[in-house]
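Q: The structure is given below, and queries will be raised subsequently.
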């Protein structure tokens, strides 16, 4: 189900009013106001933090007092120790308090680590969104350069189930994404597009794409099957800085001749490819 979800609002179920207030003996505030709600939540969070600090301080005082009691019990005379019948219980309680304090410190350390991780994740998510927005913006920009009358507006790096590009639209979408990724990341990798004209791309759009590719610093390799008329007229032989490679004289699946096999294997070895 591909349904768009819009932001809603708080309404009174009886009269339909959007002005909802909370009243008590001491305070009155508007709960339908986003700023008010945010201020209340922030105040509650601060109050919780204060309570945590108080509890932590009390735990520290209890642990300190327990150590002082144990130290006093170690220094009293045997007769007095015998009189204090609950000495073992106190020692046991002190051991439990120590273990509890240790666990609380571990929990606090884990909570701080989790908070730090969440903050980092929020930063990464923000950066990812900014990066995707920049890529999509570049896609729409170059799309308009290729197809001035185009009606498409890209909003994602990938197509959705409800949106299917076909024909030249598919080729334009793929080209726009390839171009935008290079513009944003400024990578130096070769750009390779197989079956460049496989999607009914018009000659005007095709030449605009080639010109855009020529203005990029990357090596660009595109393959295409030419029509007989295009081949006879040598359509791409002398087109600006493009270099045409004609493989029509080769048999299918035999482009690499036997004489180049050793050189090809040597190149593969440089990439840790074993043949």
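Q: I want to confirm something. Restricting to the stretch 254-275 and keeping residues that are more than 41 Å from the chain's Cα centre (by Cα) and part of a loop (DSSP other than H, G, I, E, B), which single residue is farthest from residue 226 (Cα to Cα)?
A: 257
Q: Looking only at the stretch 186-211, which residues are crowded, with 16+ Cβ neighbours inside 10 Å and under 29 Å from the mean Cα position of the chain (by Cα)?
A: Listed by number, the residues that qualify are 191, 193.
Q: Another one. Name the residue, out of 156, 162, that is out of contact with any helix residue (DSSP H, G or I) (no Cβ under 9 Å at 6 or more places or on another chain) and not assigned by TED's automatic domain parsing to the domain that holds residue 207.
A: The match here is 162.
Q: Let me ask something additional. Sort out which residues of the stretch 138-172 are in contact (Cβ under 8 Å) with a residue 40 or more places away in the chain and over 21 Å from residue 201 (Cβ atoms), and write them in order of number.
A: If the condition is that a residue be in contact (Cβ under 8 Å) with a residue 40 or more places away in the chain and over 21 Å from residue 201 (Cβ atoms), then 160, 161, 162 are the ones that fit.
Q: Could you tell me how many of the residues in the stretch 229-246 are surrounded by fewer than 10 Cβ atoms within 10 Å (Cβ to Cβ) and either in contact with a helix residue (DSSP H, G or I) (Cβ under 8 Å, 6 or more places away or on another chain) or modelled with pLDDT of 75 or more (or both)?
A: 4
Q: Continuing with this model, one more query. Considering every residue within the stretch 201-208, establish whether at least one is in contact with a helix residue (DSSP H, G or I) (Cβ under 8 Å, 6 or more places away or on another chain) and over 16 Å from residue 142 (Cα atoms).
A: yes
Here is a yes/no grid of residues against (1) part of a loop (DSSP other than H, G, I, E, B); (2) outside the structural domain of residue 109 (by TED's automatic domain parsing); (3) surrounded by fewer than 10 Cβ atoms within 10 Å (Cβ to Cβ); (4) modelled with pLDDT under 65:
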{"residue": "3", "(1), (2), (3), (4)": "yes, yes, yes, yes"}
{"residue": "9", "(1), (2), (3), (4)": "yes, yes, yes, yes"}
{"residue": "12", "(1), (2), (3), (4)": "yes, yes, no, no"}
{"residue": "41", "(1), (2), (3), (4)": "no, no, no, no"}
{"residue": "62", "(1), (2), (3), (4)": "no, no, no, no"}
{"residue": "67", "(1), (2), (3), (4)": "no, no, no, no"}
{"residue": "71", "(1), (2), (3), (4)": "no, no, yes, no"}
{"residue": "74", "(1), (2), (3), (4)": "no, no, yes, no"}
{"residue": "81", "(1), (2), (3), (4)": "no, no, no, yes"}
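The values are calculated or read from the model by the stated rules, or taken from the named source; none is laboratory data. Nothing here was measured: the structure is a model prediction, and the numbers come from that model. Neighbour counts run over all protein chains shown; Cβ positions are idealised from the backbone, glycine included.
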